[in-house]
Amino acid sequence: MKTNNLSTKIRTYALLLSISVLPSALQAQGESIAEEGGLPVVEEGKVWSLRTGRYDFEYSHTEVFRMEGDTLLNGKTYQKIYRYYNPDFSGGGLYHDFYRQEGDKVFVYRAGEEREYLFLDFGLEAGDTLSANWLEEDWEYPPSNTWTFRVNRVSDTVFANDETPRRCLYVDFLEEQHPITAYRQIWVEGIGTLEYGIWWNRNVIAIGGRQEMLCCELGDMLLYQNPRYNTCFMEPTGNDKDGISFPCRLFQNVPNPATGETRIRYELPEGTTDARIGIYQPDGREVSLYNLSDHRGELVLKAGELKPGMYLYSLIVNGQVQDTKRMVVTR
């Protein structure tokens, strides 16, 4: 990971501008890169850095994701993606999900679910839709239990130092389908999405969090840098002031699904004074909030007091979500 001055790089368009606006100076000439076979998103050693925190980023930290090592699953080869909390790839190091690519299609195999999902498709054209089955859950929302992206526009745009035109898809969730989470995204060939790179923590966003990509790098090449910042790694806000250092750890509840009691283990840095575990409905509504008094322990929940269904639970330190997992309650 490196920090870079924006004056030494090609400036990209402002991420927060309307999705319908694209500076003409960035328009590339010629045929689409997709027609030539596309640029790979899934590559050994590719790195994404994401800023994660509250919507106003009063509390935030940088998470660094790196693809490392081939893994064979069901006869298909994937790359693991590891999450770190420091630019030197220390702190954390647990892998999250597996990715592979076939042509324009990027697939994700979610750890623990034993299922493969179509994640991104750069071969789509304006007007096409994509059923986001990687978002399908046993949730109340959306009512149809299906999430759909619609491609509004496609263009070829220069994003990186190598001056390579990359196919860009401007997409959004269908608003009539799920007004609560409807928002726009930009998918960039060879990079992922400008909002969250390759790894979107939908659970963090559901309970009031926010993500935005800072950089995407491959070796010494900076493929993308958010034009709002002049760095690929931002020191934590909130946590660093209170002497909290990463990592914090939240474990899967056992048993899951739960019918009676279920236990949630957690680990916190020594000296942590403000830590909680929150239980939420899938749409982000809070069910309960528990204060934690020990830096290492477990929370015992009486799942039988909850209505059957799927819930999210989050570890929150100094008001900042550290991790979120899912819990299923049955009868």
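The values are calculated or read from the model by the stated rules, or taken from the named source; none is laboratory data. Values in this document were obtained by computation on a predicted structure and should not be read as measured data. Note: ideal-geometry Cβ built from the backbone for every residue, glycine included; neighbour counts use all protein chains shown.
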Given (1) farther than 14 Å from TYR266 by Cβ; (2) within 26 Å of the chain's Cα centre (by Cα), identify the lone condition not met by ASP323. (1)
Conditions (1) at pLDDT 90 or above; (2) over 18 Å from the mean Cα position of the chain (by Cα): number failed by LEU26: (1)
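Listed here are the residues, each with its yes/no results for (1) modelled with pLDDT of 80 or more; (2) within 30 Å of LEU250 (Cα to Cα).
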| residue | (1), (2) |
| --- | --- |
| THR164 | no, no |
| GLU175 | no, no |
| HIS178 | no, yes |
| VAL188 | yes, no |
When you scan segment 57-71, do you find a residue that is of a type in the set (Lys, Arg) and at pLDDT 70 or above, even just one? yes
Residues of segment 309-331 classified as in contact with a strand residue (DSSP E or B) (Cβ under 9 Å, 6 or more places away or on another chain), surrounded by fewer than 17 Cβ atoms within 10 Å (Cβ to Cβ) and farther than 14 Å from ILE279 by Cα, total: 2
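Mind listing just one residue for me: the one in segment 271-314 that is of a type in the set (Asp, Glu) and outside any strand (DSSP E or B) and, of those, nearest to the chain's Cα centre (by Cα)?
The qualifying residue nearest to the chain's Cα centre (by Cα) is ASP283.
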